[in-house]
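Accompanying notes for the structure given below.
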């Protein structure tokens, strides 16, 4: 149903500002010239004083990036001009572990975003990435004592070379796709997490990613290893200022969940409207282990992201829950991939999307049950909500089953806000906008309620804000 | 009191054992039901495209696949709703034996002009052999918000509980299995209005199953 004119007027009065759209003037230590070539890759590696093998890997990746064509499916990528981007911006020369030592301008940015406050309240550790580098990283002392590693990926390469080399690039190979190759070539920052055997990190670890400069490419690299019987919850958040030019964010996230371990990876993506968000996320899950991707995409111009789970051991469990919100000029091409290759594995995908004012949501999924993966169970459900007549929703799920004993079910629905629902709520005294907002919130609640409380509140508020702004 | 008479256009039902019957489509506003019972595979992929340009057109497709040996059933269907108040339903059920393979891609597309349209697709498969393979891609592209669309798909084996129920009532294993397979294939037939057609279909499926499930 269309939002009535009267409501529109009230809504127009409410500010239509993207809350995180401010920018900060900073003096970066180093900023790579626009464009991408071997020289820039060498310079990045030199600045980071990396070992030889990493430089060679970067160079090889760059070749692969140039060779691979842009994907022909998904969103419109032709407008990205790779020659205009800055691929590396170094805001300061070291990582701080004390918040008070972070440079003033950067501190102000994160203060505005509420990052250190959050840490004091309910986090076991925080990282903050500004442009290309992590500028701040901290972890509770008890966890450090237990052997938990939570570092910037760059630092981890220096501090734990053996551990790093053992796991880096094992889940997402350099040849995987064009944007993974780009990440390999110019990666910088991101989090490296190692949780030792039977260790539980009870409070979430959080990393906050901020793009501040114009025409910026951010390529963080995250690697999480949960050793046998351990558990960890990692949360990432991302925002950027609004520019008329495009920025690119292309991350690679690799997760290894060993026997009996559990990892939850939560994303609250709220990039500004000029950011292309092209991310490769993948997890290997072994015997009795459990992986949960909780993926909320509110921002960006175009997001192409399909978190994947490979169930490689018996009784492994995988779950992908996502919520996408697309409004004017936005295309959220998101989805989920699950590969069952061991017996008694189970998986669940819940994808919800809300489209409004010409926004477009696409769900693209793949579920594969290989021969020999006996008694596997999988359930996929996709629900789309269209708020007005210009929005669009697509669903492209693929299911491949080669195993007789598998049980697979899939369902998808596309619906609008029904007049009956509106009538019910309004007859109970709710205004039109409150009624729309209530219905949308009710639709999104199954996903939102799985977030830690503070984030759930924030996301609820965000969706309300998104619902009330941009109604032109 | 004046009696209002609802005029209901006659429901045309076509039954065939060849998938090309999916092309039997007329550009009028007559409701149409097509049922295909397929027990012979083919090589390559067959594509059936359908444009709903006439208002109020209502089409129903029922496809029953009984796949055996090394036969392959590969087909795509596509329906594009252009006119308002159009309806399309695809009900596809397949059972797979031996080394057979079913590959199906179904697209439902509702354009902005197709207000109040309804489109639904389901593909349910029963895997009866370790070497059978099934691939399903049900897709949706919805541009009208005043539409309702959905799809569902499932793949699985014969439900243990249902088997147990029948066995516990003294029915032997083979008969129990046959009953469940037939019931699985005919589950959507309650949506066919033509009673006579239903009877013909039931006999047809019974005959094929007798031959196939030895």
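Going from the residue with the fewest nearby Cβ atoms within 10 Å to the one with the most, A:295, B:146 rank B:146, A:295.
Note on A:385-393: average number of Cβ atoms from other chains within 10 Å of each residue's Cβ is 4.
Summarising the overall dimensions of the stretch A:314-441 from its C-alpha atoms, the Rg and Dmax are 17.8, 57 angstrom.
What is the helix-to-structure angle for B:195-212, meaning the angle in degrees between its Cα long axis and the longest Cα principal axis of chain B, kept from 0 to 90 and rounded to the nearest 10? Roughly 30 degrees, rounded to the nearest 10. Each listed q (0.13, 0.17 Å⁻¹) maps to a log10 I(q)/I(0) for chain B from the Debye sum over equal C-alpha point scatterers, namely -0.77, -1.19.
The ranking of A:66, A:423 from fewest to most other beta carbons within 10 Å of each one's beta carbon is A:423, A:66. To the nearest ten degrees, helix B:173-185 and the longest principal axis of the Cα atoms of chain B are 10 degrees apart. Would you mind classifying the stretch A:171-274 by shape? Square roots of the alpha carbon gyration tensor eigenvalues, ordered a ≥ b ≥ c; an a/c under 1.5 is rounded, otherwise it is prolate if a/b is larger than b/c and oblate if not. Verdict is oblate for the stretch A:171-274. Note on residue A:142 and residue B:199: with the Förster distance fixed at 60 Å, the Cβ-Cβ geometry gives a FRET efficiency of about 0.20. Peptide B:147-160 shows a mean partner chain C-beta count of 6 within 10 Å per residue C-beta. Here the relative contact order of the stretch B:67-179, from alpha carbon pairs under 8 Å that lie six or more residues apart, stands at 25 percent. Beta bridges from DSSP with both residues in the stretch A:5-428: antiparallel share about 10 percent, rounded to the nearest 5.
Taking one quarter of the surface of the C-alpha convex hull of the protein assembly as shown gives a mean projected area of 35.0 nm².
Averaged over the residues of peptide A:414-420, the number of Cβ atoms from other protein chains lying within 10 Å of each residue's Cβ is 4. Spatially, the stretch A:314-333 and the stretch B:143-207 are offset by 33 Å when compared through their Cα centroids.
No value in this document is a laboratory result; all are computed from the given coordinates. As the structure is a computational prediction, the values presented were derived from the model and not from experiment. Positions of Cβ are generated from backbone atoms using ideal geometry, with glycine treated the same way; all protein chains shown enter the neighbour counts.
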